[in-house]
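In what follows, a structure is listed as C-alpha cells, so that the remarks can point back to it.
The values are calculated or read from the model by the stated rules, or taken from the named source; none is laboratory data. Computed from a prediction, not measured in an experiment: that's the story for all the values here. With ideal geometry, Cβ positions are generated from the backbone for all residues, glycine too; neighbour counts draw on all protein chains shown. Heads up: the accessible areas ignore ligands, DNA and RNA and are worked out on the full protein's heavy atoms, side chains in. Shrake-Rupley method; radii C 1.70, N 1.55, O 1.52, S 1.80 Å.
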Amino acid sequence: MFSSRTPAQLLANKLTLIIEQKILTKKVIIDLTQSNPTAIDINYPEQEILSAFANPKALSYQPDPKGLLSARAAIVNYYKLKGIFINVENIFLTASTSEAYTLLFKLLMEPGDSVLVPVPSYPLFEHLAQVEGVKSISYPLYFDGGWHIDFYVLKNVCKKNTRAIIIVNPNNPTGSFLKQSELTELIQFCKDNKLALISDEVFCDYPHYDDTERVNSIAQINEILTFSLNGLSKAAGLPQLKLGWIIINGQGECFHEAYNRLEFITDLFLSVSSPVQHALPTLLDLAPIIQGQILKRVLSNYSWLKEQIKIESVCRLLPVEAGWYAILQVPKIITEEELLLELLIKDNVIVHPGYFFDLQTEGYLVVSLITKTDIFQMGVNRLLSRIDRLIYL
Ligand SMILES: Cc1ncc(COP(=O)(O)O)c(C=O)c1O
C-alpha cells in the first residue's frame, strides 16, 4: 500500500549515517535546518509556563469533543487581539496541526478521494494524506519576485473526486502570504468545484513587515466551508505541549453536517490532555514574549544574510514576507544533493535542499532563520565559501 522510499528519504538516510560518523569522531555539526524553537536559546518564561500546569482543575476529567470552554475562550481572545472575531463554538482543539489535517481528511474524504496541496510547501502533506487513504494532488505556486497560486494549472488538476484545497498562509518555506485578490479567486474556485478550503496559519504570528494586500487569516470566511488551523507549536514556540486547533466556518446544511461530523470524530479521540487545556489561557498570554524573541532572531539573521548575498552575488536570496525560513538560489554547478553532501562532509554544515520542499527546479537551498545567530553566521559563511570554491577553483 505504501510507496517505497522517496529520494528525500534516501538522502536523509545517507546524511544521517555521515552525521553519526562525524559525531563519533567528535566533529561539531552546524545545523542550518533547525526548526525546533526549544533548541535555539530562547528565554522562555519558564516559571510562568510551569505554574500554568499547577492547576488543581487539571486533576479532574471533563471530556468535551470541542475542548474545554475556557481554552476555546482563550483562543477567541488570541484572535480578537488581531482584530479577528471568532465564535467560541466554532473552535475544535486538537493535539497538533498535523493531527488536525488527519481529522479533516477523515471528515471530508472517502478513501480514494483527493486533496489539492501547494508546491513548494510543507513536505508532509503527501504522507498525511496517504495514511488516510487519500491522494494528494500538487498545484504549483510560481515565483516572479513574489509567490502566487498558478490558477490556470490549479483548475486543470482539480478532479471530480477532489474534496478540499489546502493553502499554507504564510507558506513554508517560501514565506509568502495569500493576497486578497487571490482569496477572491480561490473562493470562487471552491464554489465552482464544491471544495472545502483548509488554511494552515501556523506562521501567521511571524510577518516580517506589514502589507494591507495580504490575507492574515481566513478564520472569518464563511461563504464556503473553511477550516483555519493553528497551534502552540509556532504561535507560542511550544511544540512539545501538543495543542492545536481548527476553526470551522461555513453556511447552511453543508456547514451543519461538517460541524456535527467533526464533533463526532473529535469525540472518538478526545486527544488533547486536560493539563494543557487548563494551561492554555496563560500560555497564550505568554506567547507574545516568545514570539517576540523568535521574530527578532529571524529578522536579524535575514538582514545579515541579505548583506552577505550582496557581496556574494553568485547566489540570490529570495524575498521573505513571513515565517522562519529563507530560500537561497545557488548556481547549478552541481546537483543540490551533491552540494549538500559536500557541505556536510567538508564543512560540517547541514542545510535543506530545495527539493525537500518540492521546489520545482534544482539550485535552491533552504536555511532556518531561527538558528542561533553565531551558528547561523558560521554556517552561512562556510556555505558561501564552499560555493565560491566550487565556482572559482
Ligand atoms: C506549515 C506547517 N504546518 C504544520 C506544522 C506542524 O505543526 P504541529 O507541530 O502543530 O503539528 C508545521 C511544522 O513545522 C509546518 O511547518
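Taking (1) in contact with a helix residue (DSSP H, G or I) (Cβ under 7 Å, 6 or more places away or on another chain); (2) open to solvent by less than 10 Å² (accessible area, probe 1.4 Å); (3) outside any strand (DSSP E or B) in turn, ILE198 satisfies each apart from (3).
Looking at segment 59-67, is at least one residue outside any helix (DSSP H, G or I), within 28 Å of TYR364 (Cβ to Cβ) and of a type in the set (Lys, Arg)? Please lay out each step first, then the result.
Filtering segment 59-67 for residues outside any helix (DSSP H, G or I) gives 60-67.
Imposing the further condition that a residue be within 28 Å of TYR364 (Cβ to Cβ) reduces the set to none.
Checking segment 59-67: not a single residue is outside any helix (DSSP H, G or I), within 28 Å of TYR364 (Cβ to Cβ) and of a type in the set (Lys, Arg).
Pairs meeting the criteria (first residue in segment 160-171 and closer than 17 Å to LEU103 by Cβ and away from the ligand (no atom under 16 Å from the Cβ), second residue in a loop (DSSP other than H, G, I, E, B) and open to solvent by 10 Å² or more (accessible area, probe 1.4 Å), beta carbons under 6 Å, at least 6 apart or on different chains) are ARG163/MET109; ARG163/ASP113.
In the set THR33, THR38, THR25, only one residue is under 27 Å from the mean Cα position of the chain (by Cα), among the hydroxyl-bearing types (Ser, Thr, Tyr) and open to solvent by 50 Å² or more (accessible area, probe 1.4 Å); that residue is THR38.
Output the residues belonging to segment 110-144 that are in a loop (DSSP other than H, G, I, E, B) and either under 23 Å from GLY354 (Cβ atoms) or β-branched (Val, Ile, Thr) (or both). Lay out the reasoning, then the answer.
Our first condition is that a residue be in a loop (DSSP other than H, G, I, E, B); within segment 110-144, this holds for 110-113, 120-124, 131-134, 144.
Selection gives PRO120, SER121, TYR122, PRO123, LEU124, VAL131, VAL134, ASP144.
Tell me, please, whether a residue that is open to solvent by less than 30 Å² (accessible area, probe 1.4 Å), more than 16 Å from the ligand (Cβ to nearest atom), at pLDDT 95 or above and among the hydrophobic types (A, V, I, L, M, F, W, C) can be found in segment 173-184. Reasoning before the result, please.
Taking segment 173-184 as the starting set, the residues that turn out to be open to solvent by less than 30 Å² (accessible area, probe 1.4 Å) are 173-178, 182-183.
Pick out the ones that are also more than 16 Å from the ligand (Cβ to nearest atom) and you get 182-183.
Those still in the list that are at pLDDT 95 or above too: 182-183.
Now narrow it down to the ones that are among the hydrophobic types (A, V, I, L, M, F, W, C): 183.
Checking segment 173-184: at least one residue is open to solvent by less than 30 Å² (accessible area, probe 1.4 Å), more than 16 Å from the ligand (Cβ to nearest atom), at pLDDT 95 or above and among the hydrophobic types (A, V, I, L, M, F, W, C).
On the basis of being within 28 Å of GLU257 (Cα to Cα) and within 14 Å of the chain's Cα centre (by Cα), does ASN230 make the cut?
Numbers: within 28 Å of GLU257 (Cα to Cα): yes; within 14 Å of the chain's Cα centre (by Cα): yes.
So ASN230 passes the test.
Within this structure, LYS22 fails the test of being of a type in the set (D, E, K, R) and in a loop (DSSP other than H, G, I, E, B).
Give LEU283, LEU238, LEU225 a once-over and let me know the one that is surrounded by 22 or more Cβ atoms within 10 Å (Cβ to Cβ) and within 22 Å of GLY83 (Cβ to Cβ).
Details: LEU238 fails: within 22 Å of GLY83 (Cβ to Cβ); LEU225 fails: within 22 Å of GLY83 (Cβ to Cβ).
Within the list LEU283, LEU238, LEU225, the selection yields LEU283.
What is the residue count in segment 82-105 for residues that are more than 16 Å from the ligand (Cβ to nearest atom), outside any loop (DSSP other than H, G, I, E, B) and buried (at least 17 other Cβ atoms within 10 Å of the Cβ)? Write out each step before concluding.
The first filter runs over segment 82-105 and keeps only residues more than 16 Å from the ligand (Cβ to nearest atom), leaving 82-90.
Now drop any that are not outside any loop (DSSP other than H, G, I, E, B), which leaves 88-90.
Okay, now just the ones that are also buried (at least 17 other Cβ atoms within 10 Å of the Cβ), so 90.
Result for segment 82-105: 1.
Among the residues of segment 60-76, those that are open to solvent by 70 Å² or more (accessible area, probe 1.4 Å) and out of contact with any Ser or Thr (no Cβ under 8 Å at 6 or more places or on another chain) comprise PRO63, LEU69. Within segment 116-129, at least one residue is hydroxyl-bearing (Ser, Thr, Tyr), open to solvent by 60 Å² or more (accessible area, probe 1.4 Å) and out of contact with any Ser or Thr (no Cβ under 6 Å at 6 or more places or on another chain).
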